[in-house]
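Take a look at the structure below.
None of the figures in this text is laboratory data; all of them are computed from the coordinates on show. Everything quoted here is computed from the prediction, not taken from an experiment. Ideal geometry is used to build each Cβ from the backbone, glycine not excepted, and the neighbour counts take in all protein chains shown.
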Amino acid sequence: MSLCKGQIKIGKKKVKKRTIRFLFQRYLKNNYRYIHSEFNNKYKYEILEPIKIDNLEFFIDLNFNGVNPKEIELRSRDYIDNDEFKLYEEWTKRNLGVDIGDLSLQKRSFRWGTIKVKLTKLNKDDPGCITIKIKYK
């Protein structure tokens, strides 16, 4: 694993130009601090700073299988207050059509893949952390 700021460490393998992974690496190199790891033909990128999507902060992990994206994971920030948690909950209901409520896991299947929305809580007082996992076929 390597911590990168403006550098791409791929190892011995070269990334082919004009692929999705190549363009994603160029974008990350110019804009974010991230961790890159590789194992066989699987590549994982974890962006260290939260990214704002509709004024909500998410941490993003992206997994590639070869040159194609395989899985995207969005995580809300931990230890947020109840008002902020309701904003995350409304965002998932409005954009993904998934109502979290009291259920811990919601899953929707599409022709191109699946979306899983998971709610994890550390204790009863904690509103929880929302994890959205998009997995492509």
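Taking each of K44/K133; K29/K116; K93/K135; K42/K133; K17/K42; K86/K135 in turn, the alpha-carbon distance tops 23 angstrom for K29/K116; K86/K135.
About its Cα centre, the stretch 10-79 has a charge dipole of approximately 720 debye under the convention of +1 per Lys or Arg Cβ and -1 per Asp or Glu Cβ, with nothing else charged. Values (i) 16.2, 59; (ii) 16.4, 49; (iii) 13.6, 39 are given for comparison; Rg and Dmax of the Cα atoms in Å, derived from the coordinates here, is the one labelled (ii). Projecting the Cα atoms of L96, N68, G128 onto the charge dipole of the chain, computed from C-beta unit charges around the Cα centre, puts N68 farthest toward the positive end. For the pair K135 and W112, label points projected 7 Å from Cα toward Cβ lie 1.8 nm apart. About its Cα centre, the dipole of the stretch 2-136 is roughly 1420 debye, where the only charges are +1 on Lys and Arg Cβ and -1 on Asp and Glu Cβ. Relative to the longest principal axis of the Cα atoms of the chain, the long axis of helix 20-31 makes an angle of roughly 80 degrees.
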